[in-house]
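The values are calculated or read from the model by the stated rules, or taken from the named source; none is laboratory data. In this text, all values refer to a predicted model and were calculated from it rather than measured experimentally. All Cβ positions, glycine included, derive from the backbone under ideal geometry; neighbour counts span all protein chains shown.
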């Protein structure tokens, strides 16, 4: 069976799905071989479109996230976020850090934004994963809050963003903690700020953007889904499997804690209600920004 990751290897979604497979295999929760398949392109549209056109037999799962709504609203996808997907289980919630490589002259967010103002329009570049996604909205929000004009540069995955940052091809990057914790601990990059409600326990020295005077919150969720109208018996089977995954020590201590992630468990009608609210929130943001596709 296939677990489709619609992004390139190395990003937060890819890491999560591989951890799911690892726990399932360790505990023999599923009697068939499982393969993570990376089908990147179009900010997740290529892989998700592939997955939702597969048979509704439970043998093809796909990563679902804010992009389901966002890419439809931007006119980049022909799917209907509600009818064409089955939302099985939300697994984790994550936050965004603004990071620079160790060679960067900027040691604080204030220094970085000051340089951006000095360089003028488009003077500094910030990498992220996908046009219209969480990173892109975070960049737009920071531009508005700080009255700067940082140029957003989209890539296919968090892994590609990191490679580009370390190579000095962008000035900064948006990254989830689990995408950059290794580089942070090794001193290859440093975090200027976190776009969260409060400081992270594992990165307690990193200030929030709100602390620094910028009302920017950027969180994202990662979940397991499938094509629309998946039979209830199959949905229930996978909810049971994933519930056992999330309760395992390998998941809680080996993945959530080390990756600075929060348990985001949500299933059934509550998950669908949440996804619908996310759709409406994204619609309002894109309408305000003039990015909403014309109906």
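So for the stretch 72-79 (the condition being closer than 25 Å to residue 251 by Cβ and not in a loop (DSSP other than H, G, I, E, B)), does at least one residue qualify? No, that holds for no residue. Being more than 16 Å from the chain's Cα centre (by Cα) and surrounded by 17 or more Cβ atoms within 10 Å (Cβ to Cβ) is a property that residue 38 lacks. Taken together, 86, 93 contain a single residue that is modelled with pLDDT under 95, under 21 Å from residue 18 (Cα atoms), touching a strand residue (DSSP E or B) at 6+ places or on another chain (Cβ under 6 Å) and not in a loop (DSSP other than H, G, I, E, B), which is 93. The residues listed here are 179, 197; of these, the one that is under 19 Å from the mean Cα position of the chain (by Cα), farther than 20 Å from residue 5 by Cβ and modelled with pLDDT under 90 is 197. Scanning the stretch 159-168 finds no residues that are in contact with a helix residue (DSSP H, G or I) (Cβ under 6 Å, 6 or more places away or on another chain) and either buried (at least 19 other Cβ atoms within 10 Å of the Cβ) or assigned to a strand (DSSP E or B) (or both).
Check whether at least one residue in the stretch 29-39 is modelled with pLDDT of 95 or more, outside any loop (DSSP other than H, G, I, E, B) and in contact with a helix residue (DSSP H, G or I) (Cβ under 7 Å, 6 or more places away or on another chain), and report yes or no. Checking the stretch 29-39: at least one residue is modelled with pLDDT of 95 or more, outside any loop (DSSP other than H, G, I, E, B) and in contact with a helix residue (DSSP H, G or I) (Cβ under 7 Å, 6 or more places away or on another chain).
Mind listing just one residue for me: the one in the stretch 242-291 that is outside any helix (DSSP H, G or I) and without any contact (Cβ under 8 Å) to a residue 24 or more places away in the chain and, of those, surrounded by the fewest Cβ atoms within 10 Å (Cβ to Cβ)? Filtering the stretch 242-291 for residues that are outside any helix (DSSP H, G or I) and without any contact (Cβ under 8 Å) to a residue 24 or more places away in the chain, the one surrounded by the fewest Cβ atoms within 10 Å (Cβ to Cβ) comes out as 290. Within the stretch 170-206, the residues that satisfy the criterion of being assigned to a loop (DSSP other than H, G, I, E, B) and either crowded, with 16+ Cβ neighbours inside 10 Å or in contact with a helix residue (DSSP H, G or I) (Cβ under 9 Å, 6 or more places away or on another chain) (or both) are 170, 171, 176, 188, 195, 196, 200, 202, 203, 206. Being farther than 27 Å from residue 250 by Cα, touching a strand residue (DSSP E or B) at 6+ places or on another chain (Cβ under 8 Å) and assigned to a loop (DSSP other than H, G, I, E, B), is that true of even one residue in the stretch 2-12? No. Residues in the stretch 75-88 that are farther than 18 Å from residue 273 by Cβ and crowded, with 20+ Cβ neighbours inside 10 Å: 77 alone.
The sole residue among 97, 109 that is within 28 Å of residue 258 (Cβ to Cβ), under 18 Å from the mean Cα position of the chain (by Cα), in contact (Cβ under 8 Å) with a residue 12 or more places away in the chain and buried (at least 17 other Cβ atoms within 10 Å of the Cβ) is 97. Give the residues of the stretch 246-277 that are closer than 29 Å to residue 55 by Cα and in contact with a strand residue (DSSP E or B) (Cβ under 8 Å, 6 or more places away or on another chain), sorted by residue number. 246, 264, 265, 266, 267, 271, 272, 274, 275 - these are the residues of the stretch 246-277 that are closer than 29 Å to residue 55 by Cα and in contact with a strand residue (DSSP E or B) (Cβ under 8 Å, 6 or more places away or on another chain).
Residues of the stretch 41-71 that are over 27 Å from residue 233 (Cα atoms) and at pLDDT below 95: 41, 42, 43, 44, 70, 71.
Test each condition in (1) within 18 Å of residue 12 (Cβ to Cβ); (2) buried (at least 21 other Cβ atoms within 10 Å of the Cβ); (3) touching a residue at least 60 places away in the same chain (Cβ under 8 Å) for residue 48 and report the one that comes out false. Here residue 48 clears every test but (3).
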